[in-house]
Structures are given as C-alpha cells and as structure tokens.
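Below is one structure, written out as structure tokens; the observations come after it.
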Amino acid sequence: MDLKERIATELIAARRRSVGLTLDALDEPDLVTQVSPLMSPLVWDLAHIGNYEELWLLRAAAGQEAMRPEIDDLYDAFEHPRAERPKLPLLTPAESRAYIDTVRNKVLDSLEKAPLSGGRLTEGGFVYGMVIQHEHQHDETMLATHQLRKDGPALLDPSPAEPPAGDVALAGREVLVEAGPFVMGTSDDPWAYDNERGAHTVDLPAFFIDVTPVSNAAYLAFMENGGYDDPRWWHPDGWDWRMRSEKRAPAFWRREGGQWVRRRFGRTEPVPPEEPVQHVCWYEADAYARWVGKRLPTEAEWEKAASWDPAAGRKRRLPWGDDGEHANLGQRLMRPAPVGSYPEGASAYGVRQLLGDVWEWTSSDFRGYPGFRVFPYKEYSEVFFGTDYKVLRGGSWATHPMACRTTFRNWDYPIRRQIFAGFRCARDV
Ligand SMILES: [Fe+2]
C-alpha cells in the first residue's frame, strides 16, 4: 500500500470508529447532554474532529478557504473548557454529520493532489497522521464519556472477543534492567508528536520493573490491608485528596452482597481479580507502590524496559519489534486483558503488556525533551509542560494502535480517574 492509500484507509477506519461511538450508539438527546463536567457532550467531540481536520488538512495543508469560520471558536478546545461546552450553540447531531462528511469528502479529493514532501507539515504525511491520531484520541475520550454515563441502557458490545487466558503467576514478578544508556524518544518516526522528539541518550542506574501491571486482586489486598486509611503510604497531596474525596476504591467499584462489583458501560459485574486494575488516580497508584515496598517507574525507566533491545543495542518502535500487533489495543477487548497475557508481545527484557490494556502512571512530570521544539502548535503539548501533570505511558485497550508506540506520551492531573489508567511498579536495585 502506498502512503496515500494508507492515509485514506486510516482516515476511513477512524471515521467508522467515531460514528460507531456516537451517531450509531446513541439518540440525539444523549449525544447533546453532558454526562460529567470532565467531558464534552459527544456531539461536540464529533464536530470538533471535523473542524480540526478542516483546519489542518484543508486550510493549512491544501490552502483552502474556511468553510464555516463562524463555528471555529465553538470547537476550539482552548476557547471553551469542557464544563461550558453544553451551553454553546453547537451544531446538532445531523448538522455535525453533514459538516464532517463534507470536510472528509474534500480531504479525500485533495489528498490525490497533495504533496507529501517539501515541507515539515506534509513530509511523510505528518499532518495526515496527526489528524488520524487526533480522531482516535477523541474516540478514546468518547469511550471514557460512555463509561461515565450513570443511567440509561447498557451500551456498546461488552465483549467483541474472548479474552486471552493470561498468567496470574507472573503478577508481582520483576525483571532486572541493567544499568546503562538507552535511546529515549524518536527523531525518525514520521508521525510522532513534538513531545516525543528528539531521540536522546539517557543513562539509567539498574532497576527492577514488574513483568505485568498491578492486578485487581493485588490492589484489593492493599484495600483490605487498610491502604486507604494509612497516611504512611500516601504522598501528602495524595492524602489530602484521599481525605477530601473520601474515596476508598477505584472509580466505578462498589461493594454489593459481600463482594466488589464494578460498572462497565452500564453493566454491573464482579470485579475480575486477574485483570489489571484501572480507573485509579496517580495518588492511588503511588500509595499502592509504597505499601508494597516499591515505587512507580520513571518515564525513562518505562521506556527503556519497553523499547530497548540490549543485545542489538537498538530501540524498538513497539515492545516486541517494529511492527505487528501483540497487544490489547483499539477496542480488541472492551476491557483490559488478564495480567500476563500476550507473551509474544513481551519486550526484550521480558516485560509484558507495556502497550494496551491500561495506561500506566509514571512518577514523572510532563516536560519537553532536551532541545524541544513546538510543532506544529503549542497547544498540543507545550502548554501542559510543568509540574501539574503526570506522564502516562503505553496506551489502554481503548487506544488505537495508530496512536500508540513505545515513545508515545500521555499526561493528566494526578487526581484523574476517568481515564483507562492503571500502573505497574518498579524499584531500585
Ligand atoms: Fe482535540
């Protein structure tokens, strides 16, 4: 497949996914209501995807005039925080559909003539890759919105495939990553974001890292051991959060008939002990790690364990190599796979499930790499640099493979639990 064919195929696949999560899943009233102040009404995400595509692929890349300049402000994520989006005069679901379809048809027409070289924006199809990834990133956000919905019928196919068996005997097991330098970030992945660039050498002391993410069973042991009641395990800000929020379990869990159950897309089911824990915030992950005598990995440690091939002395784009799919990504399952799944997806160090299943909290703040340069706009990453956000790595079951690789960086506030996030632990040697 040549690059233009691949771009067209990926654009179409992303759109099928977006429509499946919005227009095909819900009726108009549910598309326009806001289920949580943390999220937009789904109809906002849908038209925003089209507006972003128009801005970058029709105006910036193809030099076309704005189609509807009066709506740009409505769909600018920086003009209107999520909490105020339902009050805006948004396009209706039918108008949104018509708008995104018109944009898409023009994009596919202009793609035939588009140069994919000669400028940084179009070189290697970067701007198309950016728009495809953006759409998939919003699709993951839409899934988080669906998960937050408190009432109404159960939605979405709960199990499109049978989960693999996993290997719970690996839970809590560690591997040693030897001291020494590795290459962090990338300078040659054509569709990587500015915050993943450029490739630079980082020299790390030796460390141990868990083979699997922390399971629900292990997290439950922390809860039953009084983990939520003992300030010794908590970061001071985390203890503050714990006291103010009165949380004592991951989001969407509750106690029912002597057991823990969870709500997943409108269905209630027993908490599966073998799955990686998800919907915990950074403070909870940090407290668990201290309770078990470990700590969260730094983002550099995570990336070395995920991408470095010490025998070959080179970096892998994916833990298992440079291509193929050995992970629970892109809604392969509508939940994390049991810990120890996908042995063929292990990294060179034998670490499993680094991509997919759950985003993994790291101990690191979100910052630019040495020599960071904004590209192509500062609101993608640079405005979030600093100490407010913690980095998450590896993607979840809801992350599309197009927007996931060992260098990919995500970030969120340490109190956030609506994202599909869990963690694994590490420790010094
Ligand atoms: Fe966006």
Working only within the range 137-170, note down all residues that are touching a Pro at 6+ places or on another chain (Cβ under 9 Å) and buried (at least 20 other Cβ atoms within 10 Å of the Cβ).
Thr145, Gly166
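Would you confirm whether any residue within the range 22-38 is under 24 Å from Phe78 (Cβ atoms), within 13 Å of the ligand (Cβ to nearest atom), in contact (Cβ under 8 Å) with a residue 24 or more places away in the chain and buried (at least 22 other Cβ atoms within 10 Å of the Cβ)?
Here is the first cut: in the range 22-38, the ones under 24 Å from Phe78 (Cβ atoms) are 22, 31-38.
Going one step further and asking which of them are within 13 Å of the ligand (Cβ to nearest atom), we end up with none.
Checked the range 22-38: no residue is under 24 Å from Phe78 (Cβ atoms), within 13 Å of the ligand (Cβ to nearest atom), in contact (Cβ under 8 Å) with a residue 24 or more places away in the chain and buried (at least 22 other Cβ atoms within 10 Å of the Cβ).
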Could you tell me whether any residue of the range 343-355 is out of contact with any His (no Cβ under 7 Å at 6 or more places or on another chain) and either outside any loop (DSSP other than H, G, I, E, B) or modelled with pLDDT under 95 (or both)?
yes
Please determine whether any residue of the range 63-74 is in contact (Cβ under 8 Å) with a residue 40 or more places away in the chain and under 28 Å from Gly118 (Cα atoms).
yes
Would you please name the residue that is farthest from Lys106 (Cα to Cα), looking only at residues in the range 61-83 that are within 16 Å of the ligand (Cβ to nearest atom) and among the acidic types (Asp, Glu)?
Glu79
Check off (1) open to solvent by 20 Å² or more (accessible area, probe 1.4 Å); (2) of a type outside the set (Asp, Glu); (3) touching a His at 6+ places or on another chain (Cβ under 7 Å); (4) over 22 Å from Ala77 (Cβ atoms) for Tyr369 and give me the number that stays unchecked.
(1)
When every residue in the range 298-332 that is touching a residue at least 60 places away in the same chain (Cβ under 8 Å) and among the acidic types (Asp, Glu) is compared, the one surrounded by the most Cβ atoms within 10 Å (Cβ to Cβ) is Glu303
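Inside the range 124-158, can you point out the residues that are of a type in the set (Val, Ile, Thr) and either touching a strand residue (DSSP E or B) at 6+ places or on another chain (Cβ under 8 Å) or within 12 Å of the ligand (Cβ to nearest atom) (or both)?
Going through the range 124-158, the residues of a type in the set (Val, Ile, Thr) turn out to be 127, 131-132, 141, 145.
Those that are of a type in the set (Val, Ile, Thr) and either touching a strand residue (DSSP E or B) at 6+ places or on another chain (Cβ under 8 Å) or within 12 Å of the ligand (Cβ to nearest atom) (or both): Val131, Thr141.
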If I filter the range 100-108 for residues that are more than 20 Å from Ser40 (Cα to Cα), within 15 Å of the ligand (Cβ to nearest atom) and in contact (Cβ under 8 Å) with a residue 12 or more places away in the chain, do I get at least one hit?
yes
Would the range 111-124 turn up any residue that is closer than 30 Å to Pro37 by Cα, surrounded by 19 or more Cβ atoms within 10 Å (Cβ to Cβ) and of a type in the set (A, V, I, L, M)?
no
Does Ala60 satisfy being farther than 16 Å from Gly152 by Cα and open to solvent by 30 Å² or more (accessible area, probe 1.4 Å)?
yes
Per the filter on the range 240-256, residues surrounded by fewer than 17 Cβ atoms within 10 Å (Cβ to Cβ) and not polar (S, T, N, Q) are Asp240, Met243, Arg244, Glu246, Arg248, Arg254, Arg255, Glu256
Checking the conditions here, which among Ala13, Ala8 is over 28 Å from Gln418 (Cα atoms), of a type outside the set (Ser, Thr, Tyr), surrounded by 15 or more Cβ atoms within 10 Å (Cβ to Cβ) and away from the ligand (no atom under 16 Å from the Cβ)?
Ala8
Answer yes or no as to whether Glu95 is surrounded by fewer than 20 Cβ atoms within 10 Å (Cβ to Cβ) and within 27 Å of Pro376 (Cβ to Cβ).
no
All but one of (1) away from the ligand (no atom under 13 Å from the Cβ); (2) open to solvent by 50 Å² or more (accessible area, probe 1.4 Å); (3) at pLDDT 95 or above; (4) part of a helix (DSSP H, G or I) hold for Leu55; state the number of the condition that does not hold.
(1)
In the set Arg352, Arg405, Arg424, Arg335, the lone residue that is among the basic types (Lys, Arg), within 13 Å of the chain's Cα centre (by Cα) and surrounded by 22 or more Cβ atoms within 10 Å (Cβ to Cβ) is Arg405
Restricting attention to the range 60-110, which residues are of a type in the set (Ser, Thr, Tyr) and not in a loop (DSSP other than H, G, I, E, B)?
Ser96, Tyr99, Thr102, Ser110
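The values are calculated or read from the model by the stated rules, or taken from the named source; none is laboratory data. These figures come from a predicted structure and were not determined experimentally. Please note: Cβ atoms are built from the backbone with ideal geometry, for glycine as well, and neighbour counts cover all protein chains shown. Note: areas computed on protein heavy atoms with side chains; ligands, DNA, RNA excluded. Shrake-Rupley method; radii C 1.70, N 1.55, O 1.52, S 1.80 Å.
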